[in-house]
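Everything below concerns the one structure shown next.
The values are calculated or read from the model by the stated rules, or taken from the named source; none is laboratory data. Remember, it's a predicted structure, so these values are computed and weren't measured experimentally. With ideal geometry, Cβ positions are generated from the backbone for all residues, glycine too; neighbour counts draw on all protein chains shown.
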Amino acid sequence: MSAPSTRLVTPEFLLLWSSAFAFFFSFHLLLPILPLHARTLGIPESQIGLIVGFFALSSMTVRPWAGWAADRYGRRPLLITGTLIFLASSLLYGLSRTAAALLLTRLLHGSGMGCYPTSATAVVADIAPPDRRGEAVGFIGAAGSLALALGPFLGAWVAERFGFPTLFATSAAAATCAMGLTIFLRETAPQRRR
């Protein structure tokens, strides 16, 4: 009987890492721009702050449910749901013309953030060697950090050079890339949980 592999960087891990990068890149492209977009629509500063904050409220509310659902129904459905929500939200930002529409889009967008990272962390726990799980979570977190390092700058550049519609389309393209990569991930949730 051979010993279990302690190899961390596998094709499956690289696929998850790439998907996570694209997912977070989709989000971070919009990070500095949404308040500016809201201002161009004539939305007051106090309402812009509320709109921005509702993303976190939505994400926080969805995460416990997403963890339960990832255990009950599998990791892949939640990963795919998160990427689909990010895709839809990116497009809806471009169609939103009122504070109420932006707020609803922000709530939807936040729910995607509740689904994907919660399930991705569970996938890491499933596929990483037990004695390297912390390291694996760190590498997946680094995908988000790299997206944060690149996304705001590139998002601001795209918005300034090509306008908000192109930025929202770019964010949607990154979410589509994340979804495309996620589709190739195998289900990792233990059978007994589903």
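Just a few scattered comments:
- Which listed residue, of 59, 90, is under 19 Å from residue 156 (Cβ atoms) and either in a helix (DSSP H, G or I) or modelled with pLDDT under 95 (or both): 90
- Test: residue in the stretch 112-135 that is in a loop (DSSP other than H, G, I, E, B) and of a type in the set (Val, Ile, Thr): no
- Only a single criterion out of (1) closer than 16 Å to residue 90 by Cβ; (2) under 19 Å from the mean Cα position of the chain (by Cα); (3) surrounded by 17 or more Cβ atoms within 10 Å (Cβ to Cβ) is not satisfied by residue 38, namely (2).
- Restricting the stretch 68-83 to residues that are over 15 Å from the mean Cα position of the chain (by Cα) and assigned to a helix (DSSP H, G or I), the residue that is farthest from residue 184 (Cα to Cα) is 68.
- So residue 42, is it part of a loop (DSSP other than H, G, I, E, B) and not basic (Lys, Arg): yes
- Of all residues in the stretch 15-35 being of a type outside the set (A, V, I, L, M, F, W, C) and in contact with a Phe, Trp or Tyr (Cβ under 9 Å, 6 or more places away or on another chain), the one that is surrounded by the most Cβ atoms within 10 Å (Cβ to Cβ): 26
- Scanning the stretch 93-103 for residues that are in a helix (DSSP H, G or I) and either surrounded by fewer than 16 Cβ atoms within 10 Å (Cβ to Cβ) or free of Cβ contacts under 8 Å to residues at least 60 places away in the same chain (or both) yields 95, 100, 101, 103.
- Residue count for the stretch 155-194, restricted to those that are part of a helix (DSSP H, G or I), surrounded by fewer than 20 Cβ atoms within 10 Å (Cβ to Cβ) and of a type in the set (A, V, I, L, M, F, W, C): 9
- Any pair with Cβ under 9 angstrom, 6 or more apart, that starts in the stretch 30-50 at a residue that is among the hydroxyl-bearing types (Ser, Thr, Tyr) and ends at one that is surrounded by 14 or more Cβ atoms within 10 Å (Cβ to Cβ) and in a helix (DSSP H, G or I): 40/164
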